[in-house]
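Undergrad: Here's a structure for you.
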Amino acid sequence: MNKRKIYAENRLVRLVETREEDAYTAYENWQDPETIKGFNGRHVKSLQHYKAKFEDWEDGKWHFYAAIQEVASGEIIGSVAVSNEPHDLAIWLFAPYRGRGLGTSAFLLAANFATDALEIGRLYAGAMEDNVDAQAMLKKCGFSPNPEGNYKTTHYQTGEEFTELDHIFSPRLLP
(Lines give C-alpha, C1' and ligand atoms only; values in the text may rest on other atoms or scores of the structure.)
Protein backbone atom coordinates (compact mmCIF):
# COMPACT_ATOMS: atom_id res chain seq x y z
CA MET A 1 0.00 0.00 0.00
CA ASN A 2 1.36 3.40 -0.99
CA LYS A 3 1.63 5.89 1.80
CA ARG A 4 -0.29 9.11 1.51
CA LYS A 5 1.13 12.56 2.01
CA ILE A 6 0.29 13.69 5.55
CA TYR A 7 -0.68 17.35 5.93
CA ALA A 8 -1.31 17.28 9.70
CA GLU A 9 -1.98 14.74 12.43
CA ASN A 10 -2.80 14.28 16.07
CA ARG A 11 -3.22 11.16 18.20
CA LEU A 12 -6.65 10.29 16.67
CA VAL A 13 -6.65 11.42 13.03
CA ARG A 14 -4.51 12.54 10.13
CA LEU A 15 -5.32 14.88 7.26
CA VAL A 16 -3.94 13.12 4.21
CA GLU A 17 -3.93 13.50 0.44
CA THR A 18 -7.12 12.48 -1.29
CA ARG A 19 -6.95 9.80 -3.96
CA GLU A 20 -9.35 8.89 -6.73
CA GLU A 21 -10.21 5.59 -5.03
CA ASP A 22 -11.64 7.57 -2.10
CA ALA A 23 -14.47 8.81 -4.32
CA TYR A 24 -16.46 5.56 -4.14
CA THR A 25 -16.48 5.38 -0.32
CA ALA A 26 -17.25 9.09 -0.07
CA TYR A 27 -20.09 8.75 -2.57
CA GLU A 28 -21.57 5.81 -0.65
CA ASN A 29 -21.44 7.89 2.54
CA TRP A 30 -23.14 10.78 0.75
CA GLN A 31 -26.18 8.52 0.22
CA ASP A 32 -26.79 8.42 3.99
CA PRO A 33 -29.87 10.58 4.77
CA GLU A 34 -28.24 12.00 7.91
CA THR A 35 -25.27 13.19 5.86
CA ILE A 36 -27.47 14.76 3.21
CA LYS A 37 -29.66 16.42 5.85
CA GLY A 38 -26.66 18.29 7.27
CA PHE A 39 -25.67 19.93 4.00
CA ASN A 40 -27.64 22.37 1.93
CA GLY A 41 -25.99 21.83 -1.39
CA ARG A 42 -26.71 20.12 -4.64
CA HIS A 43 -27.23 16.41 -4.06
CA VAL A 44 -24.88 14.38 -6.21
CA LYS A 45 -26.84 11.64 -7.97
CA SER A 46 -24.06 9.48 -9.42
CA LEU A 47 -20.52 8.36 -8.68
CA GLN A 48 -19.37 10.21 -11.80
CA HIS A 49 -20.79 13.47 -10.45
CA TYR A 50 -19.19 12.83 -7.07
CA LYS A 51 -15.81 12.23 -8.69
CA ALA A 52 -16.13 15.73 -10.13
CA LYS A 53 -15.64 17.01 -6.55
CA PHE A 54 -12.14 15.54 -6.63
CA GLU A 55 -11.52 17.12 -10.02
CA ASP A 56 -12.70 20.44 -8.57
CA TRP A 57 -9.90 20.15 -5.98
CA GLU A 58 -7.34 19.59 -8.71
CA ASP A 59 -8.76 22.55 -10.66
CA GLY A 60 -8.31 24.88 -7.68
CA LYS A 61 -12.01 25.27 -6.84
CA TRP A 62 -11.15 24.41 -3.23
CA HIS A 63 -8.38 26.14 -1.28
CA PHE A 64 -7.63 22.87 0.53
CA TYR A 65 -9.17 19.38 0.38
CA ALA A 66 -7.98 16.35 2.37
CA ALA A 67 -9.10 12.89 3.43
CA ILE A 68 -9.40 12.13 7.13
CA GLN A 69 -7.56 8.97 8.18
CA GLU A 70 -8.12 7.34 11.56
CA VAL A 71 -4.70 6.75 13.14
CA ALA A 72 -5.68 3.52 14.96
CA SER A 73 -7.08 1.68 11.93
CA GLY A 74 -5.51 3.52 9.00
CA GLU A 75 -9.00 3.75 7.45
CA ILE A 76 -10.19 6.78 5.52
CA ILE A 77 -13.18 8.01 7.54
CA GLY A 78 -14.19 11.25 5.82
CA SER A 79 -12.82 14.46 4.41
CA VAL A 80 -12.37 18.13 5.16
CA ALA A 81 -12.30 21.07 2.80
CA VAL A 82 -11.61 24.78 2.92
CA SER A 83 -13.32 26.79 0.22
CA ASN A 84 -11.80 29.71 -1.61
CA GLU A 85 -12.71 33.20 -0.32
CA PRO A 86 -14.38 33.47 2.06
CA HIS A 87 -12.54 30.54 3.58
CA ASP A 88 -15.21 28.18 4.90
CA LEU A 89 -14.27 24.89 6.59
CA ALA A 90 -16.51 21.86 6.04
CA ILE A 91 -16.31 18.25 7.20
CA TRP A 92 -17.84 15.01 5.95
CA LEU A 93 -17.46 12.16 8.44
CA PHE A 94 -18.60 8.70 7.40
CA ALA A 95 -21.53 7.42 9.46
CA PRO A 96 -19.76 4.54 11.30
CA TYR A 97 -17.21 6.98 12.76
CA ARG A 98 -19.60 9.61 14.14
CA GLY A 99 -20.11 10.16 17.86
CA ARG A 100 -16.59 9.12 18.87
CA GLY A 101 -14.86 12.51 18.91
CA LEU A 102 -13.07 11.84 15.63
CA GLY A 103 -14.96 14.57 13.76
CA THR A 104 -14.24 17.18 16.42
CA SER A 105 -10.59 16.14 16.45
CA ALA A 106 -10.35 16.32 12.65
CA PHE A 107 -12.20 19.65 12.47
CA LEU A 108 -9.90 21.29 15.03
CA LEU A 109 -6.85 19.83 13.32
CA ALA A 110 -8.05 21.23 9.98
CA ALA A 111 -8.82 24.65 11.51
CA ASN A 112 -5.33 24.89 13.00
CA PHE A 113 -3.74 23.65 9.77
CA ALA A 114 -5.68 26.23 7.76
CA THR A 115 -4.67 29.13 9.97
CA ASP A 116 -1.08 28.03 10.63
CA ALA A 117 0.22 26.21 7.54
CA LEU A 118 -2.11 27.79 4.97
CA GLU A 119 -1.89 31.20 6.71
CA ILE A 120 -5.63 31.85 6.52
CA GLY A 121 -6.42 34.76 8.84
CA ARG A 122 -10.19 34.32 8.96
CA LEU A 123 -11.79 30.89 8.80
CA TYR A 124 -15.56 30.43 8.80
CA ALA A 125 -17.89 27.49 9.36
CA GLY A 126 -21.65 27.21 9.21
CA ALA A 127 -24.27 25.16 10.99
CA MET A 128 -27.97 24.89 10.37
CA GLU A 129 -29.98 26.46 13.18
CA ASP A 130 -31.44 23.10 14.26
CA ASN A 131 -28.09 21.24 14.18
CA VAL A 132 -27.11 21.58 17.84
CA ASP A 133 -24.42 18.89 17.53
CA ALA A 134 -22.60 20.89 14.83
CA GLN A 135 -22.91 24.07 16.88
CA ALA A 136 -21.46 22.30 19.95
CA MET A 137 -18.57 20.95 17.86
CA LEU A 138 -17.82 24.41 16.49
CA LYS A 139 -17.70 25.83 20.02
CA LYS A 140 -15.37 23.01 21.20
CA CYS A 141 -13.08 23.80 18.26
CA GLY A 142 -12.78 27.51 19.12
CA PHE A 143 -15.31 28.92 16.66
CA SER A 144 -17.46 31.81 17.86
CA PRO A 145 -20.89 32.84 16.56
CA ASN A 146 -20.67 35.46 13.81
CA PRO A 147 -24.28 36.74 13.65
CA GLU A 148 -23.57 39.23 10.86
CA GLY A 149 -22.74 36.24 8.65
CA ASN A 150 -26.03 34.41 9.33
CA TYR A 151 -28.40 34.11 6.41
CA LYS A 152 -31.83 32.72 5.64
CA THR A 153 -32.05 30.12 2.92
CA THR A 154 -34.26 27.30 1.69
CA HIS A 155 -33.28 23.66 2.04
CA TYR A 156 -32.78 22.20 -1.42
CA GLN A 157 -34.56 18.94 -0.53
CA THR A 158 -37.44 19.98 1.68
CA GLY A 159 -38.05 23.54 0.53
CA GLU A 160 -38.21 24.61 4.19
CA GLU A 161 -36.75 27.99 5.11
CA PHE A 162 -34.05 28.01 7.79
CA THR A 163 -31.17 30.11 9.06
CA GLU A 164 -27.58 29.08 8.43
CA LEU A 165 -25.60 30.19 11.50
CA ASP A 166 -22.15 31.53 10.71
CA HIS A 167 -19.15 30.98 12.99
CA ILE A 168 -15.61 32.33 12.85
CA PHE A 169 -12.26 30.95 13.97
CA SER A 170 -9.31 33.23 14.36
CA PRO A 171 -6.19 32.37 16.34
CA ARG A 172 -5.91 36.06 17.30
CA LEU A 173 -9.30 35.84 19.00
CA LEU A 174 -8.56 32.74 21.06
CA PRO A 175 -7.36 33.12 24.69
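The values are calculated or read from the model by the stated rules, or taken from the named source; none is laboratory data. All values reported here derive from a predicted model rather than from experimental measurement. With ideal geometry, Cβ positions are generated from the backbone for all residues, glycine too; neighbour counts draw on all protein chains shown. Please note that ligands, DNA and RNA were not included when accessible areas were found on the heavy atoms of the full protein model with its side chains. Shrake-Rupley method; radii C 1.70, N 1.55, O 1.52, S 1.80 Å.
Undergrad: Restricting the search to segment 80-104, which residues are closer than 20 Å to Lys140 by Cβ and assigned to a strand (DSSP E or B)?
TA: Once the filter is applied, which keeps residues that are closer than 20 Å to Lys140 by Cβ and assigned to a strand (DSSP E or B), segment 80-104 yields Val80, Ala81, Val82, Asp88, Leu89, Ala90, Ile91, Trp92, Leu93.
Undergrad: I would also like to ask the following. Among the residues of segment 128-171, write down those that are open to solvent by less than 30 Å² (accessible area, probe 1.4 Å) and closer than 18 Å to Leu102 by Cα.
TA: Ala134, Leu138, Cys141, Gly142, Phe143
Undergrad: Which ones in segment 2-40 are outside any loop (DSSP other than H, G, I, E, B), more than 16 Å from the chain's Cα centre (by Cα) and at pLDDT 90 or above?
TA: Within segment 2-40, just Ile6 meets the criteria.
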